[in-house]
Each structure stands twice: as structure tokens, then as C-alpha cells.
Amino acid sequence: MTEPSGDVLLEISDLSLEFRTYRGPIKALNGVSLNVRAGEIVGIVGESGCGKSVTMMAATRLLPKGSAHITGGGIRLFGNDPMTLSERELQHVRGRLVSTIIQEP
Ligand SMILES: Nc1ncnc2c1ncn2[C@@H]1O[C@H](COP(=O)(O)OP(=O)(O)OP(=O)(O)O)[C@@H](O)[C@H]1O
Ligand SMILES: [Mg+2]
């Protein structure tokens, strides 16, 4: 696993994601791209249900394993693909390098 380095800390490229439910697939993200560079503050604005939370939960792999499926694009978090990190590596990333403040705790 690589440590934070370089300018772009989080890179989301053309990310598409769906939830596969018993009622069929729910397309939650359709081609989302954004970069967060060191020292930047990035806000994501959009109507309720447009995918803000799902985008960021995908970046830290906090979405339900069974139903959430990336169908296109990818994520680089500190140079790593969060989908390929082990649980141990993810635990190192979460809380130390990246934190989530839950909207409605
Ligand atoms: N676990 C899940 N299973 C199925 N669908 C989900 C799940 N989580 C989110 N969704 C759907 O994904 C879409 C995006 O939801 P998301 O929570 O990212 O919206 P949001 O932009 O954060 O909205 P808000 O401003 O209300 O927080 C919505 O259609 C939502 O219903
Ligand atoms: Mg939200």
C-alpha cells in the first residue's frame, strides 16, 4: 500500500455504481468525476438522492458489500484503489488518512 504522496489525494474518475436489490438494480452514480488535491476544500452540492453520500462512501468502501457494485470508472485514494485494499489496510486508511462524519448520526 502506498502512503499519501503527490498532489491528488482523492481521484474519482467516471464512477458509475448501482445497488442490486430484490426489486432490481438502482443506478446511484452515473459518471462521477472529481479530484481533491492537498490543501483543497471541496464541497459537493446537489439535490437529495443525487449521490453525494454514496460517492464518498464508495471512496472509503463503506457501502454494503453484497448490493453495491461499481459498474464503471474507478477511485484512487492516496494512490490506492480502495476496492483492492485488505481490511487491515482499510483500517489504516480510515480514521488516520480519511474520516467520515456521518450526516445523521
Ligand atoms: N444501501 C442502499 N441501497 C439502495 N439504494 C441506495 C442505498 N444507499 C443509497 N441508495 C440510493 O442511492 C441514491 C443516492 O443516494 P445518496 O444517499 O448518495 O444521496 P445524497 O445526495 O447523499 O442525498 P442527501 O442530500 O439526502 O444526503 C439514492 O437514490 C438512494 O436511494
Ligand atoms: Mg447524503
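The values are calculated or read from the model by the stated rules, or taken from the named source; none is laboratory data. These figures come from a predicted structure and were not determined experimentally. Neighbour counts run over all protein chains shown; Cβ positions are idealised from the backbone, glycine included. Ligands, DNA and RNA are excluded from the accessible area calculation, which covers all protein heavy atoms including side chains. Shrake-Rupley method; radii C 1.70, N 1.55, O 1.52, S 1.80 Å.
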(message) Given axes a ≥ b ≥ c from the Cα gyration tensor, I'd like to know whether the stretch 8-93 is rounded (a/c under 1.5), prolate (a/b larger than b/c) or oblate.
(response) oblate
(message) List the chymotrypsin sites (Phe, Trp or Tyr not before Pro) within the chain that DSSP assigns to loop and that have no more than 11 neighbouring Cβ atoms inside 10 Å.
(response) TYR22
(request) Would you grab the residues whose amide H sits under 5 Å from the one on LEU15? Only those 5+ places off in sequence or on another chain, please, with H modelled 1.01 Å from N. (result) GLY31, VAL32, SER33, GLY74
(request) Would you mind working out the accessible area per residue for the chain, using a 1.4 Å probe, and quoting it in Å²? (result) 67 Å²
(message) Students sometimes get this wrong: rank THR21, THR84 by accessible area, probe 1.4 Å, all chains present, largest first.
(response) THR84, THR21
(request) Mind checking the stretch 51-105 for trypsin sites (Lys or Arg not before Pro) that DSSP puts in a loop (not H, G, I, E or B) and that have at most 13 other Cβ atoms within 10 Å? (result) LYS65, ARG96
(request) Would you tally the net charge around SER67, using a Cβ to Cβ cut-off of less than 15 Å, leaving SER67 out, and scoring K and R as +1, D and E as -1? (result) +4
(request) Considering only GLU87, GLU47, GLU11, give the residue with the highest GNM mean-square fluctuation for the chain, with springs between Cα atoms whenever their separation is below 10 Å. (result) GLU47
(request) Return the carbon/sulfur percentage of the accessible area of the stretch 1-102, one whole number, probe 1.4 Å, all protein chains in place. (result) 52 percent
(request) Using 0.36 nm per residue of separation minus the Cα-Cα distance, give me the extension gain between VAL45 and LYS65 in nm, one decimal. (result) 4.6 nm
(message) Tell me the mean residue ellipticity at 222 nm calculated for the chain from its helices only (DSSP H runs of n ≥ 4, each -39500 (n - 2.57), averaged over every residue, nearest 500).
(response) -3500 deg cm²/dmol
